[in-house]
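Here the structure comes first, spelled out in structure tokens, and everything after it is commentary.
The values are calculated or read from the model by the stated rules, or taken from the named source; none is laboratory data. What you see is a predicted model; the values in this text were computed from it and never measured. Note: ideal-geometry Cβ built from the backbone for every residue, glycine included; neighbour counts use all protein chains shown. Protein only, heavy atoms only, side chains kept; ligands, DNA and RNA dropped before computing areas. Shrake-Rupley method; radii C 1.70, N 1.55, O 1.52, S 1.80 Å.
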Amino acid sequence: PVLLPASLPQDTRFSHAQFVRSRDSGECLRWTNLHFVNGKGEEVLLLQERENSPEMAYVSATDGTVEEITIGGRSAALVNGNEIDFESGETLVSLIAKAPLTREELIAIAESLQ
């Protein structure tokens, strides 16, 4: 099942989804990218959902900031103020703002995922 936001900022709508399947070290890895756009058709938000497995675990680096926050009672990371990473059951979730969104808007979207 794919998680979907119940709440989006005004003038933001779903555009399209990509289901990606690849082979890495003999393992079949799967993830889904959901793309959201504004009224001008510009991508403003990417929601990536991956199966929770060692092969798909988070690996990232930044010269920016990483803030520990809570999303729906779960530990999460707010990276550079425009990305939230957390686990939801068997799913690893990355919510990435491609256009300026406030910290509060990004957190509200993450908390609305169902």
Summing -39500 (n - 2.57) over every DSSP H run of at least 4 residues in the chain and dividing by its residue count gives a helix-only mean residue ellipticity at 222 nm, to the nearest 500 deg cm²/dmol, of -2000 deg cm²/dmol
Leaving ligands, DNA and RNA out of it, rank 11, 85, 63 by accessible area with a 1.4 Å probe, largest first. 63, 11, 85
Convert each backbone phi in segment 3-20 into a coupling constant with the Karplus relation 6.51 cos²θ - 1.76 cosθ + 1.60 (shift: θ = phi - 60°), then list the ³J(HN,Hα) values in order as whole Hz, x for Gly and Pro. 7, 10, x, 7, 9, 10, x, 4, 6, 10, 9, 5, 10, 6, 10, 10, 9, 10
Accessible area of the chain divided out per residue, in Å², using a probe of 1.4 angstrom: 59
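Just order 92-100, 36-44 by mean Cβ neighbour count inside 10 Å, highest at the front, would you? Present the calculation step by step, with values, prior to reporting the outcome.
Numbers: 92-100: 18.2, 36-44: 14.1.
Sorting 92-100, 36-44 by mean packing, highest first, produces 92-100, 36-44.
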Cα-Cα P(r), the chain, percent of pairs per 5 Å interval: 2, 11, 23, 24, 20, 13, 6, 1, 0
